1. Using only the Cα atoms of region 1-55, what are the Rg and Dmax in Å?
2. Rounded, prolate or oblate for region 216-327? Axes are the square roots of the Cα gyration tensor eigenvalues, ordered a ≥ b ≥ c, and the cut-off for rounded is a/c under 1.5.
3. What angle do you read, to the nearest 10 degrees and between 0 and 90, between the alpha-carbon axis of helix 304-322 and the longest principal axis of the chain?
4. Would you calculate, for the chain, the mean residue ellipticity at 222 nm contributed by helices, counting each DSSP H stretch of 4 or more residues as -39,500 (n - 2.57) and dividing by all residues, to the nearest 500?
5. Can you figure out the FRET efficiency of Gln159 with Asn246, using R₀ = 35 Å and their beta-carbon distance, to the nearest 0.05?
6. Neighbouring Cβ atoms within 10 Å as the yardstick, rank Val47, Val42 fewest first.
7. Treating the angle as unsigned and between 0 and 90°, give the value, to the nearest 10°, between the Cα long axis of helix 172-184 and the longest Cα principal axis of the chain.
8. How do the peptides 25-38, 103-116, 211-224 rank, highest first, by the average count of neighbouring beta carbon atoms within 10 Å per residue?
Amino acid sequence: MKLRCGVIGLGRIGCGFDDNPNAKMISTHAGAYYNNNKTDLVSFCDVDEKKLEKYGKKYNVKNTYTDYEEMFKNENLDCISICTWAESHLDIVKKAIKNNVKGIFLEKPMSDSLMDAEKINKICKEKNVKLQIDYQRRFDTVYNTLKKIISDKKFGKIQYFNIYYGGGISNTGSHICDLIRFLFGDIHSVQGNFSKNPSNHTLDPNIDGIIICKNNVKCNLQSFDYNKFGLFELDIIGTKSRIKVNLTIGKIEYFEVVTPKIGLVYNELILKSLKLPLKSSAIVRGLDNLVQAIKKNKTTISNGDIGYSSLEPIIGLMISAKKQGQEIIIPLKNKRYKITSR
């Protein structure tokens with residue numbers, strides 16, 4: 001029997017990204033449910049009635065709501081996606097669990113505070129509700145391959161690691177902090193300063209800073225003003241190789257050290273071909289994993305523990321910036337500090 005599913009919040013990640021006629025892969029929660037043979041997309045919820053009408057027609061969803069409590073009451077849902085602002089997540093999760101939902105696909109960041117993220121994680125564990133945080137690079141075969149390359153002895157010891165980003169430390173930075181944890185493990189400390197390059201949301205500023213993992217890998221964060229141009233890249237230089245990644249499209253450039261040509265003194269970095277798995281929709285893979293977790297009573301790939309731990313460095317960077325770049329040790333003691341993500 002198919003799982004009865006609904007989406008709350010019909011913005012870009014809920015439905016909008018798949019409006020692009022040139023899109024080659026599914027990029028939204030609605031698209032993932034609609035094209036999964038184990039799920040039945042039966043309801044939408046959003047405060048914008050125009051979006052409900054538009055996407056209700058597109059996905060043949062007849063049961064639409066402006067109130068998620070009414071949706072839960074009427075629809076007997078097995079699984080939901082929560083694609084709303086972070087401060088609303090805890091309340092929606094509580095209502096969903098009260099109405100016997102079995103699985104939740106939750107947009108990042110997990111919440112606007114560690115205290116609420118902890119509550120979300122706890123209640124889902126207590127009620128055995130499968131929780132998947134939408135850190136898509138964890139589902140992506142390309143980034144799983146990248147992780148293997150970096151951990152291989154052929155890459156060498158890391159000399160330099162930089163990430164270029166924009167769009168706010170809570171919004172874009174949420175992906176960054178989780179990706180760092182995915183590639184290099186737990187984070188030990190953070191330091192940050194408010195950037196001179198503004199984000200497009202005053203309550204979610206850009207922060208330039210340093211993130212240090214427990215294995216001593218250090219990442220430098222450099223932000224840019226997305227109103228000028230978009231730049232979301234990762235650059236890792238090892239002692240034997242270099243990797244540059246366009247984090248928007250998942251393009252990887254791999255360089256290896258070679259013996260210098262006659263007359264040159266130093267070894268050279270030369271671009272090499274890299275065999276990568278075929279690109280597939282990460283959000284589709286994330287939903288597949290959530291469905292399997294529900295049906296087989298397993299833990300999801302990107303669970304609540306991961307969501308909580310990836311939220312900590314974001315909050316730590318905000319606290320550090322407000323304290324003029326003071327080093328902040330992870331885990332954080334202040335669980336009430338709130339961030340804003342749009």
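1. Radius of gyration, then largest Cα-Cα span, for region 1-55: 11.2, 33 Å.
2. oblate
3. The angle comes out at about 60 degrees.
4. Result for the chain: -9500 deg cm²/dmol, rounded to the nearest 500.
5. 0.95
6. Ranked by crowding around the Cβ, least crowded first: Val47, Val42.
7. 60
8. In descending order of packing, they fall as 103-116, 25-38, 211-224.
Every read-out reported here was derived from the displayed coordinates using simple, explicitly stated rules and does not represent laboratory data. Since the model is a prediction, treat every value here as computed from it, not as a measurement. Cβ: placed from backbone, ideal geometry, glycine included. Neighbour counts: every protein chain shown.
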